[in-house]
Amino acid sequence: LRKAANLRVRLPLSELTVVAPHAGELAGGYEEIIKDELNIKAIRLVEAGSASPEEFGIEQKLVVNARAAGPRLGRGVQTAIKAAKSGDWPVDEAGNVVAGGLALEPQEYTLETVVSTEGSGSASVAVLPGGGFVVLDTEVTPELEAGGVARDLVRANQQARKDADLVVSDRIRTTVSAEQSVLDALNTHRGLVSEETLTVDLVPVAADGGQEVAVGKIDA
């Protein structure tokens, strides 16, 4: 879902909704693991029985296999196809698909789960193979964007440490040269960047173009 929405992994997002059977079993330790691994601020767990897929733009599409159904239905296959396209295909109490008043055999049709993008706003939806679906809030607020910039700086710092042949435990001084918007994000998340990179002295430097992270070991 992130890839489809062009949202990088290090950008935090506000919420992931999981609608699935026994969703409550994800609570506790699993919930925190999911939030951490997916870089999500909050996760909402909803039992599948209490939510309607239509609320999230999820619906099923009936596709009639004319080659398979034609020999049995004859001209009626066109009636079934038109009914499938118009949405006139209920499922009876026995679980059989009836299109345009004609009952279809299992090999004569397929049911495809589709997600409508109309009216979905800032959300992406995907169906889970085991039943249920997930809804990712894709709205990027200035606060979330700043958090993503801070994590990008952590990644750049880690690469700079590696290039400088520093060991994991080395305490360092970090100088970040960047435009003001990046420095604003750095100042907002100064604690995160310093803690994740073992930076003792963090120095922001305003620069008109480009971005550079320089590190140097601080002797104990």
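The criterion of at least 1 residues that are touching a helix residue (DSSP H, G or I) at 6+ places or on another chain (Cβ under 8 Å) and open to solvent by 50 Å² or more (accessible area, probe 1.4 Å) is met by the following strands (runs of 3 or more DSSP E) wholly inside region 7-75: 40-47, 58-64.
The set of residues in region 125-148 that are within 20 Å of Arg190 (Cβ to Cβ) and free of Cβ contacts under 8 Å to residues at least 40 places away in the same chain comprises Pro142, Glu143. Determine, yes or no, whether Gly95 is under 19 Å from Leu16 (Cα atoms), at pLDDT below 85, within 35 Å of the chain's Cα centre (by Cα) and part of a loop (DSSP other than H, G, I, E, B). When the stated conditions are applied, Gly95 does not pass them.
Do we have Ile81 as open to solvent by less than 50 Å² (accessible area, probe 1.4 Å) and either touching a residue at least 40 places away in the same chain (Cβ under 8 Å) or assigned to a strand (DSSP E or B) (or both) here? No. The residues of region 6-31 that are over 18 Å from Leu128 (Cα atoms) and under 16 Å from the mean Cα position of the chain (by Cα), listed by number, are Asn6, Leu7, Arg8, Val9, Arg10, Leu11, Pro12, Leu13, Ser14. Summed over region 133-187, the residues that are among the acidic types (Asp, Glu) and over 30 Å from the mean Cα position of the chain (by Cα) give a count of 3.
Would you point out the residue of region 98-113, among those that are in a helix (DSSP H, G or I) and open to solvent by 70 Å² or more (accessible area, probe 1.4 Å), that is farthest from Glu59 (Cα to Cα)? Result: Gln107. Please specify each residue of region 187-202 satisfying the condition of being among the acidic types (Asp, Glu) and more than 14 Å from Ala156 (Cβ to Cβ). Within region 187-202, Glu195, Asp201 qualify.
The values are calculated or read from the model by the stated rules, or taken from the named source; none is laboratory data. All values derive from a computational prediction rather than experimental measurement. Positions of Cβ are backbone-derived with ideal geometry, glycine not excepted, and every protein chain shown enters the neighbour counts. The protein model used for the area step is the full one, side chains on, heavy atoms only, and it has no ligands, DNA or RNA in it. Shrake-Rupley method; radii C 1.70, N 1.55, O 1.52, S 1.80 Å.
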